[in-house]
Amino acid sequence: MLRLTRIIVLAIFGAALLPAVTGYDAWLRYSPVANRGLPATVVRLGDAPTLRSAQAELIRGVKALFGRTLRASAALVNEDSILLGTVRAVNQALPNIALPGNLAPDGFALETVRRHGHKILLVVAQNERGVLYGAFDLLRRLSLGGGFPPSPEVSNPAAPVRWINQWDNLDGSIERGYAGRSIFFSDQHVSADLTRAGDYARLLASVGINGCTVNNVNASPRMLAPDFLPQIARIADAFRPWGVQLSIAVDFSSPQTLGGLNTFDPLDPHVAKWWRDKADEIYRLIPDFGGFVLKADSEGRVGPSRYGRTHADAANVLAAAVRSHGGIAMYRAFVYDHHMDWRNLKNDRARAAYDNFHPLDGKFAANVMLQIKYGPIDFQAREPVSPLFAGLRHTNEAIELQITQEYTGQQRHLCYLVPMWKEALDFNTGVGGENASVKNIASGRRYNRPLGGFVGVANVGLDMNWLGNYLALANLYGFGRLAWNPNLSAREITDEWTRQTFGSDPRVVSTINSLELASWRVYEGYTGPLGMGTLTDILHGHYGPGIESAERNGWGQWFRADEHGLGMDRTTATGTGYIGQYPPAVAQRYESLTTCPDDLLLFMHHVPYRYRLHSGATLVQYVYDSHYTAAEEAQSFADRWRRLRGLVDEDRYQAVLTQLEYQAGHAVVWREAICAWFLKMSGIPDNKGRVGHDPARVEAESMQLRGYQVMTVTPAETASGGKAIVCKGTGDCTAAFQFRGTAGWYTLDIFYYDEISGDAEFQLRVGDQTVSHWQADAALVSKVPNGDTATRQRITGIALRPGDRVQVIGTPDHGDEAALDYVRLEPSAAP
């Protein structure tokens, strides 16, 4: 009995004994592991900043891992040692040692050699940055319980360009940033303290990222102002010790708006000279400047069409400006008309990238790269691979992936994107040959191009854990690992990240790995399955359900739902012709309903609600079933996480639990909204009797109200029955009902709205007793009751008896009107 009591006490209080972890070190925590018997000295051959970083990182890592402090040396010593150096430096120091001959730029090798009877653990690379990557690789091996490889190992990056895009604005805000304000900018200036910028570069270097664009692609012309460029150079200085090249996004009209010219025509010689002079000015301040990123002729950004010029003309004038310095021009292929006529059934935003850029293949300069989103729309939870990857044979390409979860839960929902990225990267484009996958095309290998790359939109912020969610950091880590080696499996990457971030306890590793790997499919299941694309409110927050916001407007993210069926007809036979942009083998598969995969059915075809999928389920019944099944799985996430109490430090345990509980509630909001909308649109009931029937629910508008007023919610499906209640005054409001069920223990789910304008408060009272109190302070993305702000408070272990008076008391705050949707009561086991 005494032993059992000790186990219970440890389970309850064990987490409090673990050291607090802020998440700032991310996967570079270097938690203690068994000593691997490393030499006592680490030698660096050279004085480059990246070599100094490599040596310092090894000292830091080994100290944390093994409790031992390596001695630092800048010259060979007559003892066992770790030796860091480039091929050239090592050849000079050890002329009789055979080194690997197949090292690419940034690649590295780990090899054990002998010198005067002493063992030397050699980390060697073609360049200093590669040595740094090798040092991080060695520390990763040690963190995972391994050691120096017994035989020589070479690791080369898949592509030369491995960049991060940050969408930071000069005022310190971040477009599609969900983790606080910018680490680079504040109040129209570069931040005075760039410590975090340097620490971010360290994280990026640890996974092989070699470039970072620090500002929004919707760029401010001030980025190129003469008085601002020295400030930008300070960020480059913070990046340089970690081998991260700085690049900037530019406004294409800058020669006119900033330079005072009367034109920004890319073929005007004065414009070309302005760009050359500006590039020279930048390189004098930042000798290792990476280049320019340009978004043009898209979503209101000016571009070459102003003068009847092509995208190749625009890209090439930037490329010419940086060519002599070794820089590149990254031109975003995200170009489309956002004022399309939705009434024209042949219009199709998905066609835009291919239609704009395929005719220009071969017309871009050698140092231009087209930055192509993985899918043809905009970072949806599922899209087909963009046909543009297969449509360019003579142009450098980079794949653009979104780490920040714009349409995939905005880091409030766990949605691990590596499995989705793997499907895209492994996709066979059908261009023929053994290297026809997207990963081989994007890396440049398919056509032996000089440039290829991976670009991730990250948008880290000032939150201590960088992305606002401890589990979301796996997306940043996974992007870097895939950019280095896209042949890694999602499971391998996940296991690496989990063990470095949370430790190697088998229960912790198994639970977190399974949560991460399941989360994308679950998120897709309760939002927009079958290739429907976003059902979020695309006109505002891109977050909660806003189904009809995608229809009947110029943005082109339509899914063409009506009372008969849904889906975009993109066939060549009767639709927009989008499918014909693919090579024949792929086009044939998508064109036929028989062979089109169900996962993409509604992206490719418009079908009736009673159409039967390959599974045998009707379309509308699958929509119902998917949302109920996935919402139930999302509920299980928090339950599974609770089993780690005492095995994960308390701060992270509680933070993750809070987010998973929120996700479970918001998944129900999604389920209810989507199912209600499709029931109304199709008129076809759920054959399991769930949709529109919930006897355990008490609608707020049917309660006895004091102070509360009934309102109609827009869109209607984001409130049960289309209505909610709001507290308009300054004092408390009450919604009450009499419990008429069977006596017993219950779980109460209070569905309410957490508006961003203030922090309303709620109480739940049973009789005269307050049983729960909470604050609506989650800072969700809207000021009104809708799918963005709908959320749930779950209260367990409530004893109810017939006749009990149940009250929800709301206290508004600064415009947050303590809005309430409904209360759901479900019998539960005794606590």
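Distances between placed amide hydrogens fall under 5 Å for Glu299 paired with Tyr336, His338, all partners being 5 or more residues away or on another chain. Region 631-691 and region 48-79 have their alpha-carbon centroids 47 Å apart. Which distance in nm do the two modelled labels at His339 and Glu299 give, with both placed 7 Å along the Cα-to-Cβ direction? Spacing of the two 7 Å Cα→Cβ label points: 1.8 nm. Residues of region 608-642 with an amide N closer than 18 Å to a point placed 7 Å from the Cα of Ala573 along the Cα-to-Cβ direction: 608-609, 611-614.
Model label points for Arg445 and Lys680, set 7 angstrom from Cα along the Cα-to-Cβ axis, are 5.0 nm apart.
Asn78 to Asp288: extension gain in nm, 0.36 nm per residue of separation minus the Cα-Cα distance?
Taking 0.36 nm per residue and subtracting the Cα distance, the gain is 72.0 nm.
Here's the picture: a label point sits 7 Å out from the Cα of Leu539 along the beta-carbon direction, and within region 715-752 the residues with their amide nitrogen under 20 Å of it are 715-720, 722-724.
So what is the diffusion coefficient of region 487-641 in µm² per second by Stokes-Einstein at 10 °C and 1.306 mPa s, using a Kirkwood Rh over Cα pairs? D = 90 µm²/s. Taking a point 7 Å out from the Cα of Thr195 in the direction of its Cβ, none of the residues of region 224-247 has a backbone N less than 15 Å from it. Database remark: amide H of Asn215 closer than 5 angstrom to the amide H of Gln166, Asp168, Ala249 (H placed geometrically; neighbours at sequence offset of 5 or more, or on other chains; Pro and chain starts carry no H). For the chain, the dipole from Cβ point charges (+1 on Lys and Arg, -1 on Asp and Glu) about the Cα centre works out to 2200 debye, to the nearest 20. The stretch between Gln92 and Leu593 holds 173.9 nm of extra length on full extension. This uses 0.36 nm per residue minus the Cα-Cα distance. Rounded to a whole number, what % of the accessible area of region 158-302 do carbon and sulfur atoms account for, probe 1.4 Å? In region 158-302, the share of accessible area belonging to carbon and sulfur is 51 percent. Straightening the chain between Arg276 and Asn262 buys 3.3 nm, computed as 0.36 nm per residue apart minus the Cα-Cα spacing. Mind listing the long-range amide H neighbours of Met330? Cut-off is under 5 Å, sequence gap 5 or more, other chains count too, H placed in the peptide plane at 1.01 Å from N. Under 5 Å from the amide H of Met330: Phe292, Val293, Leu294, Met369.
Scalar couplings 3J(HN,Hα) for region 210-227, obtained by applying the Karplus form with A = 6.51, B = -1.76, C = 1.60 to θ = phi - 60°, are 10, x, 9, 8, 8, 10, 4, 5, 7, 7, 7, x, 4, 4, 9, 5, x, 7 Hz; x denotes Gly and Pro. Each Cα pair of region 68-199 feeds into the Kirkwood radius, which the Stokes-Einstein equation turns, at 10 °C and 1.306 mPa s, into a diffusion coefficient of 91 µm²/s. Relative contact order for the chain: 10 percent, from Cα pairs under 8 Å spaced at least 6 residues apart, divided by residue count. Starting from the 7 Å offset along Cα-to-Cβ, what nm value, one decimal, do you get for the label separation of Gln704 and Glu563? Distance between label points: 4.3 nm.
The values are calculated or read from the model by the stated rules, or taken from the named source; none is laboratory data. Source: prediction; values computed, not measured. Backbone-built Cβ (ideal geometry, glycine too); neighbour counts: all protein chains shown. Each accessible area value is taken on the protein alone, full model and side chains, heavy atoms only, with ligands, DNA and RNA left out. Shrake-Rupley method; radii C 1.70, N 1.55, O 1.52, S 1.80 Å.
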